[in-house]
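**Q** One structure, as structure tokens, below. Some questions next.
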Amino acid sequence: MRRFSELFLFGMLFMSTVSCRSGEKKEENPLLDIEAWETPYRVPPFDRIRPEHYLPAFERAMAIHDAEIDAIVTNNDAPDFRNVIEAYDDAGRMLEEVALIFEMVSSADMTDQLMAVQENVMPRLAAHSDRIGMNAKLFEKVKSVYDQRLSLSLEPDQVPLVAKIYTEFVRSGALLGDADKARLQEINEALSLASVEFGRHLLAENDRYRLLLGSDELEGLPTGVRETAMQAAREIGEEGKYLFTLSQPSMIPLLTYSSRRDLREQIYKAYLRRGNQDDDLDNKRLIADFIRLRSEKARLLGFESYADYVLAEQMARTPRAAYELLDEIWTPALERAGQELAEMQPLLEADIPGATFESWDWWYYAEKLRKKNYALDQEMLRPYFSLENVQSGIFFLANRLRHYVPSGQRAPLQRGVLGLRGAGCRLLPSGRALFRPFSPCGQGERGLVRLFPGAELPRRRAGRSGGGNRLQLPAAGGLGPLAADCG
């Protein structure tokens, strides 16, 4: 009887536990229902997206994209702009959105979980892209429209789109034989894996370097730099210490202001040694793989070099033209750098008689030269470049260049990494802008602005290899490169 009672109580407890668990609402994956977002301008709900959401989203997005491509291939109507080119350009919306969100979040704050997703999904994305780009039946339809493009009464913007998509297929290997297609697929997969491994090594190198200083080693460092370094040390449990890492927001201030030449040399050389220490994080083998695989890919596709392959669709068109442009900048820049070096050398001589000017001296003595010649102190300017001032300046410039108008609305953030302000163009419906002013642990670039088309915007006709309607903005307030896309 007692045994029965124990079993009965255990069964009741088990059923109640199951009942409670079944009543719990499983967290939904917002990436699986992008159309349901109710954020301003349908900006991604970063506060709800978790690392475990990405892989299912990628898998569903690729499946949907495959179905969209299959619908084009199996359409029995005669190939024309609408049922081939426009349908192809409209396909893959979910995949593009998921990939862009993942790219933004991982570049802003890469974690072990996101790295695992990247290692899993990158080769699958490469295979997915190859499966479409080398689809013989799909290319046959694209080529049919391409061959008729001048006789189909197309709109002026439709003709170049047809040519662009046709070129994308050719550059993806659509004209290759079966054996060469198979080899190109192997190369693309290997390149995707090598790229992930290279980035993982670099991130690990950044993470493992820590320069911990005491209060007696901070000569020359401004108060703001010291406070930031103290907070960084506190976050890793080193109370009373000052932490400097290989992230540029941490390293550059040390190189600029520290009067300790030995510390400047140490952190500078550590930065240069990343991936070149003959250990498990060494990247020399991967660089050799990149060169070998990219060269083979270029030759398979009929190009003399990988540079020729890449530049064929860029403004320069050829490596020679690119070098000519670089030389036009390099020659006067090198001359000016020599003049500045001649001005800085006496400053080093005054501090350390007989010393040879080294690379790690440049930031420090360039700052001294600015103060000497122009009474310009970057730390004195810092209060004028508050976050709000810099953000306002960016949108003021975007408005002047592209009539981009900030709305003032904001959306939830993920770990405080991505700041957002919704915006709209006068010439286009509303769009979305993401502004990241801070770089956690040195991951990614500061000052990156990302703009997305709003829900009501028409599909961007730029194909999948082009840059689209992209706008480069100059740096503001020392925040680094900015990029904007107004749809």
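**Q** With θ taken as phi - 60° and the coefficients 6.51, -1.76 and 1.60, list the Karplus ³J(HN,Hα) couplings across segment 376-392 in order, rounded to whole Hz; mark glycine and proline as x.
**A** Whole-Hz 3J(HN,Hα) from phi for segment 376-392: 9, 10, 4, 5, 6, 7, 3, x, 7, 10, 5, 4, 5, 5, 5, 4, 5.
**Q** Summing +1 for each Lys or Arg and -1 for each Asp or Glu, what net charge is found among the other residues whose Cβ lies under 10 Å from the Cβ of LEU193? Don't skip to the end; give the middle numbers.
**A** Working: positive: none; negative: GLU119, GLU189, GLU197, ASP289.
Taking every Cβ under 10 Å from that of LEU193, the sum is -4.
**Q** If you wrap segment 234-373's Cα atoms in a convex hull and average its projection over all directions, what's the area in nm²? Intermediate values should be presented prior to the final figure.
**A** Values: hull surface 54.1 nm².
Over every viewing direction, the Cα hull of segment 234-373 projects on average to 13.5 nm².
**Q** Hey, got the Cα dimensions of segment 154-277 along the principal axes, in Å, largest first?
**A** Principal-axis extents of segment 154-277 (Cα, largest first): 69, 39, 27 Å.
**Q** Additional query: Computed over the Cα atoms of segment 55-106, what is the ratio Rg over Rh, Rh following Kirkwood?
**A** Working: Rg = 13.1 Å, Rh = 11.9 Å.
Taking Rh as the inverse mean 1/r over Cα pairs, Rg/Rh reads 1.10.
**Q** Can you give the direction-averaged projected area of the convex hull of the alpha-carbon atoms in segment 97-227, in nm²? Can you show the working numbers first?
**A** Values: hull surface 54.1 nm².
It is 13.5 nm².
**Q** Okay, moving on. Out of every Cα-Cα pair in segment 147-217, what percent are more than 17 Å apart? Working shown, then result.
**A** On the way: 1717 of 2485 pairs.
Summing the P(r) tail past 17 Å for segment 147-217 gives 69 percent.
**Q** Can you spot the lysines whose alpha carbon is less than 22 Å from LYS164's alpha carbon? Ignore those fewer than 8 places along the same chain.
**A** Cα-Cα hits under 22 Å: LYS137, LYS141, LYS143, LYS181, LYS297.
**Q** Another question, then. Can you give me the Cα centroid spacing of segment 43-65 and segment 217-269 in angstrom?
**A** 38
**Q** Protein chains only, probe 1.4 Å: how do ILE267, ILE64, ILE329 rank by accessible area, largest first?
**A** Details: ILE267 0, ILE64 65, ILE329 105 Å².
So, going from the largest accessible area down, we get ILE329, ILE64, ILE267.
The values are calculated or read from the model by the stated rules, or taken from the named source; none is laboratory data. Predicted model, so just to flag it, every value in this text is computed and none were measured. Note that we place each Cβ from the backbone using ideal geometry, even for glycine, and neighbour counts take in every protein chain shown. Note: areas computed on protein heavy atoms with side chains; ligands, DNA, RNA excluded. Shrake-Rupley method; radii C 1.70, N 1.55, O 1.52, S 1.80 Å.
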